[in-house]
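> Quick one: this structure, given as structure tokens, is what I'll be asking you about.
Nothing in this text is a laboratory measurement; each read-out follows from the coordinates by a stated rule. Quick caveat, the model's predicted, so the values are computed rather than measured. Note: ideal-geometry Cβ built from the backbone for every residue, glycine included; neighbour counts use all protein chains shown.
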Amino acid sequence: MPHIIPIPALKDNYIWMLINSDNQHVAIVDPSEAQPVIDYMNQENLTPVAILITHHHWDHVGGIPDLVANYSVPVYTPATETVKFSTNLVTEGDKIELTELDIVLNVLDVPGHTAGAVAYYNEELVFSGDTLFTAGCGRMFEGTPKQMHHSLTKFKSLPDNTLLYCGHEYTEANLSFAGTVEPSNPDIQARLHEVQKLRKSGKPTIPSTLALEKKTNPFLRCEVDSVVQSASTHSGQTLTDSTQVFAAIRQWKDDF
Ligand code: ZN
Ligand code: FE
């Protein structure tokens, strides 16, 4: 497995670098900016082999033009979204073989944040873009609650020990919302303390694991009694199915 490091970019974005330190090759996930990536590759003497894009938002694709001007690399982008300089359109079921990194990544369609968003995963990790966040999920800019909720169930079906790499450092704020939805969930409070410590020392709170997300992320807990109760109380309706619960807490978070 390559090792994975974040390059912080813009205000709170992470550009993920998958590095094979045996041969100095790297794949780049969601380069919001080019310069910090180029600087890092120069400093570490790395050669890029691929750019992987989760969705078309500018804070995930902004670095592509300057990267492809400097390096000849394939740019994998969601099949139903328009991203300049794309070379390979990908959709669910596709496999991306990165031979220099000795890994294969699978593609999942995860619409909701944007209409064509994708995630990249293998048996150990997943790059979720802005669809599933640590302790939260993305806003629904182009999708319906039904689509987004269905996309989140796809993440939930990955193994518990899967490492979750998302596009932004939002964990602390997300956990404070999670604690509002579930004030008596001790796992949320414990995680919040951990995350606050990390942030105080300037460290990333990502990756997380899907196991931890299932215990602390309200958007993955729409069937859990405490979340159903809380969403029903907050919305003033008796919510029964998990898509309704999801829609209610997503709306709650938008207003939070
Ligand atoms: Zn986005
Ligand atoms: Fe973003």
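> Averaging sequence separations of C-alpha pairs under 8 Å and six or more residues apart, then dividing by the length of the range 3-217, give the relative contact order as a whole percent. Let's see the in-between values first.
Working: 454 pairs, mean separation 31.4, N = 215.
So the answer I get is 15 percent.
> I want to check the label-to-label distance for T99 and I5. Put each point 7 Å from Cα in the C-beta direction and report it in nm to one decimal.
Going by the 7 Å Cα→Cβ label model, 2.7 nm.
> Here is a follow-up. By counting other Cβ atoms within 10 Å of each Cβ, how are Y170, Y76 ranked from fewest to most? Working shown, then result.
Values: Y170 20, Y76 26.
Fewest to most other Cβ atoms nearby, the residues stand as Y170, Y76.
> Still on this structure, please answer the following. With the Cα gyration tensor of the chain in hand, give its eigenvalues times 5 under a square root as the equivalent ellipsoid semi-axes, listed largest first in whole angstrom. Mind showing how you got there, number by number?
Values: eigenvalues 206, 75, 48 Å².
So the three semi-axes of the chain are 32, 19, 15 Å.
> What distance in nm separates the two pseudo spin-label positions at E124 and N106, each 7 Å out from Cα along the beta-carbon direction?
Simple spin-label model gives 1.7 nm for this pair.
> Where in the range 1-52 are there chymotrypsin sites (Phe, Trp or Tyr not before Pro) that are in a DSSP coil and have at most 15 other Cβ atoms within 10 angstrom of their Cβ? Walk me through the numbers on the way to the answer.
Numbers: sites: Y14, W16, Y40; in loops: none.
The qualifying sites: there are none.
> So for F177, F85, F155, fewest C-beta neighbours within 10 Å to most, what's the order?
Numbers: F177 19, F85 15, F155 24.
If I rank by nearby Cβ atoms, fewest first, I get F85, F177, F155.
> Restrict the search to the range 29-137; then list the GluC sites (Glu not before Pro) that DSSP places in a loop and that have at most 15 other Cβ atoms within 10 Å of their Cβ. Please report the intermediate quantities before stating the final value.
Values: sites: E33, E44, E81, E92, E97, E100, E123, E124; in loops: E33, E81, E92, E123, E124.
Here the GluC sites (Glu not before Pro) that fit, given the DSSP loop and packing criteria, are E92, E123, E124.
> Do any of K197/K253; K215/K253; K11/K200; K154/K203; K95/K214; K11/K146 go past 21 Å between their Cα atoms, and which? Before the final figure, lay out the partial values.
Numbers: K197/K253 24 Å; K215/K253 18 Å; K11/K200 17 Å; K154/K203 29 Å; K95/K214 26 Å; K11/K146 30 Å.
Violating the 21 Å limit, Cα to Cα: K197/K253; K154/K203; K95/K214; K11/K146.
> Pulled fully out, how much extra length does the chain show between K200 and S72, if you take 0.36 nm times their separation in residues and subtract their Cα-Cα distance?
Once the chain is fully extended between K200 and S72, it gains 42.2 nm.
> Between T240 and N161, what's the calculated FRET efficiency when r is the beta-carbon distance and R0 is 41 Å? Round to 0.05. Please report the intermediate quantities before stating the final value.
Working: r = 32 Å, r/R0 = 0.78.
Calculated value: 0.80.
> On to the next question. Amide H to amide H under 5 Å from G129: which residues, 5+ apart in sequence or cross-chain, H placed 1.01 Å off N in plane?
Those lying under 5 Å, H to H, from G129 are G167.
> Can you list residues whose amide H is under 5 Å from T47's amide H, if they're 5+ apart or on another chain and H is modeled 1.01 Å from N?
Here H25, V26 satisfy the definition.
> Same structure again: Let me know the shape class of the range 1-129, please: from the alpha-carbon gyration tensor, a ≥ b ≥ c as square roots of the eigenvalues, rounded when a/c is under 1.5, otherwise prolate if a/b is greater than b/c, or oblate. Before the final figure, lay out each step's value.
Working: a/c = 1.56, a/b = 1.20, b/c = 1.30.
Oblate shape, in that a/c is at least 1.5 and b/c is the bigger or equal ratio.
> How do V104, V83 line up, fewest other C-beta atoms within 10 Å first? It would help to have the intermediate numbers written out before the result.
Working: V104 12, V83 19.
If I rank by nearby Cβ atoms, fewest first, I get V104, V83.
> Roughly how many Å is it from the Cα centre of the range 197-256 to that of the range 174-193, as a whole number?
Centre-to-centre distance over Cα atoms comes out at 9 Å.
> Take every DSSP beta bridge whose two residues both sit in the range 3-217, then give the antiparallel share in percent to the nearest 5.
Numbers: 27 of 41 bridges.
Percent antiparallel among DSSP bridges in the range 3-217 is about 65.
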